[in-house]
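Student: Have a look at this one.
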Amino acid sequence: MAETLLEVKDLKVQFDTPDGVVKAVDGVSFTVERGQTLGVVGESGSGKSVTFMTVMGLIAGNARISGEIIFEGRDLLKLPPAEVRAIRGDGMGMVFQDPMTSLHPMYRVGDQIVEAIRAHRDIDRKEAWDMAVEMLRKVGLPRPEERAKDYPHEYSGGMRQRAMIAMAMVLNPDLLIADEPTTALDVTVQAQILELMEQLKSEYNCGVVLITHDLGVVADVSQKVMVMYAGRAAEYGTRDQVFNTPLHPYTWGLLESIPTVERRVERLVPIEGTPPSLINPPRGCAFHPRCPHRFEPCDGERPELEMRGGDHPDACYLAIEDKRRLWAEREQRRQKEPA
Amino acid sequence: MTRYVIRRLLYVILVILVITFISYVVFFLMPSGNPAVQFAGKSPTKALIHQIEKQFGLNHPWYVQYGIFVKHLFLGDQYGWPGFGESYNTREPVKNELFSRAWVTFQLAVGAAVVWLAMGIPIGIVSALRRRTLIDRASMGFALFGVSAPVFVLGLLSLWIFWQHLRILPGTGYTSFSSNPAEWFLQFLQPWVVLSLLFAAFYARMVRGNLLETMSEDYIRTARAKGLPERRVVFKHGLRASLTPVVTMFGMDFGLLLGGAIITETVFNLPGLGTYVVQAVNDQNLPAVVGVVVLAAFFVAFFNLVVDILYAYLDPRVRYS
Ligand SMILES: Nc1ncnc2c1ncn2[C@@H]1O[C@H](COP(=O)(O)OP(=O)(O)OP(=O)(O)O)[C@@H](O)[C@H]1O
Ligand SMILES: [Mg+2]
């Protein structure tokens, strides 16, 4: 059994807004192990970013946070802010979606990495600069000695994301959180970035969280998958479990929207309907208004994420036989579809 | 870089040519009395007027006069370079008066700039960081007051309180630094503060807005994700980006102010360019009016150039083109 780096228990994050209380994260629990990747998928607004920004201690202001975030044995929600800050960037690093805007436009890339190093290590500038250059070399930047002196606007999108990864990994954190690291990049570059993250994961033996809209990306690199909907987990299991025997109709919809060679992008079936309000979520299962398989208990009590006869926990009231049958039918229908 | 500066300096010259040309057109097209008549005294004879016209060069058509003016400006006249001609009023070289008054305006502008930056920037920062708190509301209330209170009202109010009522500050007028440094400082104190209030208010609002916007940028989130202390996030990452446009604004405001602060100089009776130009317009003293116009245009254009060059240093994305 791999060492557990991060254990989140019943995390809730609520924002007070003029329109009401936004329940962005409404009770999620999961773990991240050393040397493994947790894939987190869900539509826009399902609370993926807020969950992991909270883990990083980057949510503040109008937020109410409860639950436990146990990182290497300590509950981050109980630590004083200064100690959380000391962990941020050192024990765990984060890479964001848009590399175009995530680097400061007015500082040299090398200096921005140096700053990350010197925020946690008491070493001189020269030494930190050499570390930064070495890290840039490791993430595959050509001529890193010279490129470290460049400003971000002199980099391409893929190079900026490499620089962001270098910045997040330079202190060898135990946990790397990547929030849609490839969404803003070209398809060819996406694959390179994912490969780089894989390579760093095995080299540093850290844990990785990969947040994405795209189940296809998760399939290649994750050991575990959490499917999020409306601030909660709809389904949580190993990659093989979630991909081979998905249990939640929302996951089925996501799986059916993965582009494959046979089914080109314009033929994708997006899940019908719109994501629910997080201020007044639907009664019962938040997905039920959009669910083609809903039946009488779905708008009653809210289904919890638990073992329901399958091989991994899910949050759907359908009987396990029905789930197996419905998914098999949907799979068949999909196969018959003309390419 | 050198080519860019040269091109911009040529542009400064062009601006001065255009704006002085407009001044000449306006002066000669405006239906007004003949300056020579005014200068000739109570009961002028035709011969006297004619003689004065000749002295002033008013006997030439206006475009010839303009040509002579441009020639003198760039090549110098009998009083040296740059040639600003002779005042219709005093028959003294305009240049001497112009430069001594520009010096007074300069002292006013520098002092006011120090005060408004020292007030506006910190107030803007604090209200951005303490957004929606009492201190933010108080600061923005002050800013609203500063933006809307007319300078002459503030000036007269200040004079009434500190000079006439409390008697702790000297009244209007100008004392040079070399003659009495303490008096110089006390006498400038009121014009500095009164003139700076409007700008301080404006800058506080601008800094607050810029900083709020910057603090929601992605790279601020990155800075926090690196584990930087919040102080460093704000002062190194936030301020760097949000003060850059303030530098531009400051250069333009300062250049504009060097051309004369008419109301402040009038209220506090300071012999600067602002009071000079008002008087010159009243007297139809063309060389003096054009002299101030040239200086003012030069300051504005010059500081625009300075700001543009500085901006390219401050923001690496900007390149001279
Ligand atoms: N500071 C905040 N104040 C109020 N609401 C917020 C705040 N931050 C996030 N939210 C809301 O929380 C919800 C979840 O947002 P989150 O960014 O976690 O979604 P996401 O799953 O990451 O989506 P995406 O795929 O678009 O990145 C959204 O509805 C968002 O509007
Ligand atoms: Mg997100």
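Student: Where the centroid of each part is defined by its Cα atoms, how far is the stretch A:28-71 from the stretch A:201-251 in Å?
Tutor: The stretch A:28-71 and the stretch A:201-251 have Cα centres spaced 14 Å from each other.
Student: Also, I was wondering about something else. Only helical DSSP H runs with n ≥ 4 go in: add -39500 (n - 2.57) per run for chain B, normalise by residue count and round the 222 nm mean residue ellipticity to 500 deg cm²/dmol.
Tutor: Values: 13 runs with 226 residues, N = 321.
My calculation for chain B gives -23500 deg cm²/dmol from helical runs alone.
Student: Please arrange A:ILE117, B:ILE123, B:ILE168 by how many other C-beta atoms lie within 10 Å of their C-beta, fewest to most.
Tutor: Details: A:ILE117 22, B:ILE123 25, B:ILE168 9.
Fewest-to-most ranking of A:ILE117, B:ILE123, B:ILE168: B:ILE168, A:ILE117, B:ILE123.
Student: Now for a different question. Quick one: net charge around B:VAL37, please, counting Lys, Arg +1 and Asp, Glu -1 for every other residue with C-beta under 13 Å from its C-beta. Don't jump to the answer; show the numbers that get you there.
Tutor: Values: positive: B:LYS42, B:LYS46; negative: B:GLU53, B:ASP283.
Its environment carries a net charge of 0.
Student: Next question. Once you have the Kirkwood Rh of chain B from its Cα pairs, apply Stokes-Einstein at 10 °C and 1.306 mPa s and quote D in µm²/s. Please list the in-between numbers first.
Tutor: Numbers: Rh = 22.6 Å.
Estimated via Stokes-Einstein, D reaches 70 µm²/s.
Student: Exposed loop trypsin sites (Lys or Arg not before Pro) only (DSSP loop, at most 10 other Cβ atoms within 10 Å): please give the longest stretch of chain B free of them, not including the sites. Don't skip to the answer; put the middle values down first.
Tutor: Details: sites that count: B:LYS42, B:ARG91, B:ARG132, B:ARG167, B:ARG319.
The longest uninterrupted stretch comes out as B:168-318.
Student: Follow-up question, since we're still on this one. Remind me, relative contact order of chain B in percent, using alpha carbon pairs under 8 angstrom and six or more residues apart?
Tutor: Details: 386 pairs, mean separation 75.0, N = 321.
Result for chain B is 23 percent.
Student: Further question on the same structure: Under Stokes-Einstein, with the Kirkwood radius over Cα pairs standing in for Rh, what whole-number D in µm²/s applies to the stretch A:249-335 at 10 °C and 1.306 mPa s?
Tutor: Details: Rh = 14.3 Å.
Here the translational diffusion coefficient equals 111 µm²/s.
Student: Tell me, what is the percent relative contact order of the stretch A:1-94, built from C-alpha pairs under 8 Å that lie six or more residues apart?
Tutor: On the way: 140 pairs, mean separation 30.8, N = 94.
Relative contact order for the stretch A:1-94 comes out at 33 percent.
Student: Here is a follow-up. Per DSSP H run of at least 4 residues, take -39500 (n - 2.57); add these up for chain A, divide by its residues and hand me the 222 nm value, nearest 500 deg cm²/dmol. List each step's numbers first, then the result.
Tutor: Working: 12 runs with 116 residues, N = 339.
So the helix-based figure for chain A works out to -10000 deg cm²/dmol.
Student: Using Cα-Cα distances under 8 Å and only pairs 6 or more residues apart, what relative contact order does chain A have, in percent?
Tutor: Numbers: 623 pairs, mean separation 65.0, N = 339.
The value is 19 percent.
Student: Over all directions, how big on average is the projection of the convex hull of the alpha-carbon atoms in the protein assembly as shown, in square nanometres?
Tutor: Numbers: hull surface 167.8 nm².
Over all viewing directions, the protein assembly as shown projects a mean Cα-hull area of 41.9 nm².
Student: Count charges around B:GLU230 for me, please; just the other residues with Cβ under 9 Å from its Cβ, Lys/Arg as +1, Asp/Glu as -1. Mind showing how you got there, number by number?
Tutor: Numbers: positive: A:ARG85, B:ARG224, B:ARG231, B:ARG232; negative: none.
Here the charged neighbours net out to +4.
Student: What translational D, rounded to a whole number of µm²/s, comes out for the stretch B:2-89 from Stokes-Einstein when the hydrodynamic radius is the Kirkwood one over Cα pairs, at 20 °C and 1.002 mPa s?
Tutor: Values: Rh = 14.9 Å.
The estimated diffusion coefficient comes to 144 µm²/s.
Student: Taking the Cβ of B:GLU97 as the center, what net charge do the other residues with Cβ under 14 Å away carry, scoring Lys and Arg +1 and Asp and Glu -1? Can you show the working numbers first?
Tutor: Details: positive: B:ARG91, B:LYS95, B:ARG101; negative: B:GLU86, B:GLU92, B:ASP283.
Here the count lands on 0.
Student: Whole Å is fine, so just give me how far the alpha carbon centre of the stretch B:251-321 lies from that of the stretch A:280-297.
Tutor: Taking the Cα centre of each part, the stretch B:251-321 and the stretch A:280-297 sit 68 Å apart.
Student: Could I ask something else about it? In chain A, what % of DSSP beta bridges are antiparallel (nearest 5)? Intermediate values should be presented prior to the final figure.
Tutor: On the way: 29 of 48 bridges.
That works out to approximately 60 percent antiparallel.
No value in this document is a laboratory result; all are computed from the given coordinates. Because the structure is predicted, anything quoted here is derived from the model rather than measured. No Cβ is skipped: glycine too gets one built from the backbone with ideal geometry, and neighbour counts run over all protein chains shown.
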